[in-house]
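Asks: Below is a structure I'd like to ask you about.
The values are calculated or read from the model by the stated rules, or taken from the named source; none is laboratory data. Source: prediction; values computed, not measured. Cβ placement follows ideal geometry from the backbone for every residue including glycine, while neighbour counts extend to all protein chains displayed. The area values use the complete protein model at the heavy-atom level, side chains included, leaving out ligands, DNA and RNA. Shrake-Rupley method; radii C 1.70, N 1.55, O 1.52, S 1.80 Å.
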Amino acid sequence: MKLKANRLGEMLLEAGLIDQFQLESALSMQRNLGGRIGSAIVKLGYLPEDTIMEFLESQSKFSRVSLQDLEIPLALLRMLPVDKLKHLLVVPIELRQSGNEKNLRIAMTDPTNQKLISDLQFATGCRILPVLASEDEIRLALENNLPTEPPMAPQQDFQSTFTDPSLVDFSDLPSEDPRLDRLLEILQEKGVLSAIDVERVKFD
C-alpha cells in the first residue's frame, strides 16, 4: 500500500485497532480542523495515545525515545523556525555526519507521515531519521529547551517624545539657521507645534 500522510490510520485499520468508520471520521476531522491523524483518533476517543505509541513502537523500524530531561543543543533547534517546530510538533534531537550526508534524528508523533518527513528533509537539507515521542513530551521538550525571548522595550514615536513644546530646547540653534526652519516645519506638520509656537520660537 502506498505510504502517504494518513498511513498511520491505514496501519491502525489493518491491525484491527480501529474500523473503517472510525478512520473516515478521524480523516474528516483532520481535513476540517487540521492536525495529525493520530491526534484526531485520540480526540475522538477511538484509541488512547499510549495504545498508538505502543503500536508504532511494535513496528520494528520505529523506535521510541524519552525526551524527559533531555537537553537539546540550541544549534539543532535553530535548524527550523520556532513556529514550525511548535506547529508540526517535532523536535530535532541529534545530528550526525556520515560522509557527505547529514542524518538528523527528529522526534515526532507520527513517524509514518512521509509528507512531513519529505518537508523536513527539504527544510533542513538533511536525511531525516524519525523517532517516536508523545505530544506531551514534545511540547514539554520545546518549552524547556527553546530560549525565552527578552521582552521588547516599549517604543516611543516621534510625536510622544515632544508632547510639550516647552520641552524642546532650540537655544543652541541660531535664529537664521535653515536647519531650525526645517525642524520647526516638521514639528508643525506633525501637530507638535502650533503656528503660534513656531512664531514664538523664531522671534523670542
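Asks: Return the Cα extents of the range 1-146 along principal axes one, two and three, sorted largest first, each rounded to a whole Å.
Replies: 44, 31, 28
Asks: Between GLU94 and GLN59, how high is the FRET efficiency from 1/(1 + (r/R0)^6) when r is the Cβ-Cβ distance and R₀ = 30 Å? Nearest 0.05.
Replies: For R0 = 30 Å, the calculated efficiency reads 0.90.
Asks: Taking the Cβ-Cβ separation of ASP83 and ASP19 as r and a Förster radius of 41 Å, what is the calculated FRET efficiency to the nearest 0.05?
Replies: Step by step, r from the Cβ atoms, then E = 0.70.
Asks: Another one. So, with a 1.4 angstrom probe, what is the percent of accessible area on the range 47-130 that is carbon and sulfur?
Replies: So the carbon and sulfur contribution to the accessible surface is 46 percent.
Asks: List every residue whose amide H lies under 5 Å from the amide H of ALA107, counting only residues 5 or more places away in sequence or on a different chain, with H placed 1.01 Å from N in the peptide plane.
Replies: Counting only residues 5 or more places away or on other chains, the set is VAL91, ILE93, VAL131.
Asks: Could you let me know the centre-to-centre spacing of the range 7-24 and the range 59-101, using Cα atoms, in angstrom?
Replies: 28
Asks: Would you check the accessible area of ILE186, probe 1.4 Å, heavy atoms only, in square angstrom rounded to 10?
Replies: My reading of the accessible area for ILE186 is about 50 Å².
Asks: Also: Could you rank ASP83, ASP110, ASP119 by how accessible they are, 1.4 Å probe, largest area first?
Replies: Order by accessible area, largest first: ASP83, ASP119, ASP110.
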